[in-house]
Amino acid sequence: MIGIKTLVLEKIRKMPRGSIFFIDDFIELGSLGSVRLALMELKKEGLILRPARGIYCYPKIHTEYSGFIMPTAESIADALAAKERVRIIPYGDQAAYKLGLSGLQLSNLKYLTDGPSRVINLAEGKKIFFNHTSEVKMFDFCNDTMQMVSSAIRVLTEECLDAEKKRTIHKHLRSVPDDEFMKDITIPPAWVGEIMLDIWNN
């Protein structure tokens with residue numbers, strides 16, 4: 001056990017601060033059970049964090065005071081997607097918040113995914129929802145801004161898009177290269193594409 005714990009710690013210390021990792025990232029060092037015990041010991045010793053069950057982090061150190069920085073829920077979601085080789089999209093209210101179209105910060109994150117549906121319970125009480133969608137064309141966007149704008153408009157609906165929100169969307173869309181805009185504008189539902197095109201042109 002001491003040998004595996006040392007090997008696990010050596011591998012972790014080669015990672016950049018802020019890295020998120022999982023039990024099976026160390027499977028070449030020993031059995032899942034022994035690796036799990038090693039990670040639990042390292043957590044108890046305050047060397048790593050466990051933001052959720054089965055998810056660990058080699059945390060960054062706060063520059064102003066002594067203490068670790070917990071990884072963001074977004075970084076955890078991205079790490080899970082990379083590990084499971086699935087695609088995810090910030091969905092609905094979350095996309096609206098990231099674009100500045102909503103001032104209400106969400107306690108829970110919601111993503112569409114081409115992987116299985118699941119819920120991740122974070123240690124701080126928040127949740128990450130991965131909702132499977134069969135609408136695979138949602139993952140065909142080549143521009144992340146176009147993807148998020150489309151998702152936000154779908155949840156806000158045209159009736160809720162006042163002049164201020166349209167100005168915000170216009171600012172985001174103007175940052176999209178013309179060729180990427182013209183490619184991606186064909187992906188959303190027709191009514192969403194019409195709104196995006198109208199805002200982009202004005």
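The values are calculated or read from the model by the stated rules, or taken from the named source; none is laboratory data. Predicted, not measured: the structure shown is a model, and the values here were computed from it. Every residue, glycine as well, gets a Cβ built from its backbone with ideal geometry; the counts of neighbours run over all protein chains shown.
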Only one of SER151, SER134, SER175 is closer than 19 Å to LEU106 by Cα, of a type in the set (S, T, N, Q) and either touching a residue at least 24 places away in the same chain (Cβ under 8 Å) or in a loop (DSSP other than H, G, I, E, B) (or both). Can you tell me which? SER151
ALA52, sole failed condition from (1) touching a Phe, Trp or Tyr at 6+ places or on another chain (Cβ under 8 Å); (2) surrounded by 16 or more Cβ atoms within 10 Å (Cβ to Cβ): (1)
How many residues are under 17 Å from the mean Cα position of the chain (by Cα) and surrounded by 15 or more Cβ atoms within 10 Å (Cβ to Cβ) when one looks only at segment 58-73? 3
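Quick grid of which residues meet (1) at pLDDT below 90; (2) of a type in the set (A, V, I, L, M):
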position: MET40; (1), (2): no, yes
position: ARG50; (1), (2): no, no
position: SER75; (1), (2): no, no
position: ALA82; (1), (2): no, yes
position: LEU101; (1), (2): yes, yes
position: SER107; (1), (2): yes, no
Which residue pairs have Cβ atoms closer than 8 Å, lie 6 or more positions apart in sequence or on different chains, and pair a first residue in segment 28-40 that is more than 15 Å from THR6 (Cβ to Cβ) with a second residue that is surrounded by 14 or more Cβ atoms within 10 Å (Cβ to Cβ) and among the aliphatic types (A, V, I, L, M)? LEU32/ILE23; ARG36/ILE23
Hey, can you tell me all the residues within segment 113-128 that are free of Cβ contacts under 8 Å to residues at least 40 places away in the same chain and either of a type in the set (Lys, Arg) or surrounded by 14 or more Cβ atoms within 10 Å (Cβ to Cβ) (or both)? THR113, ASP114, GLY115, ARG118, LYS127
Per-region count, segment 74-106, residues of a type in the set (Phe, Trp, Tyr) and buried (at least 20 other Cβ atoms within 10 Å of the Cβ): 1
Condition first: of a type in the set (D, E, K, R), surrounded by fewer than 18 Cβ atoms within 10 Å (Cβ to Cβ) and assigned by TED's automatic domain parsing to the domain that holds ASN131. Can you find one or more residues in segment 17-24 that meet it? no
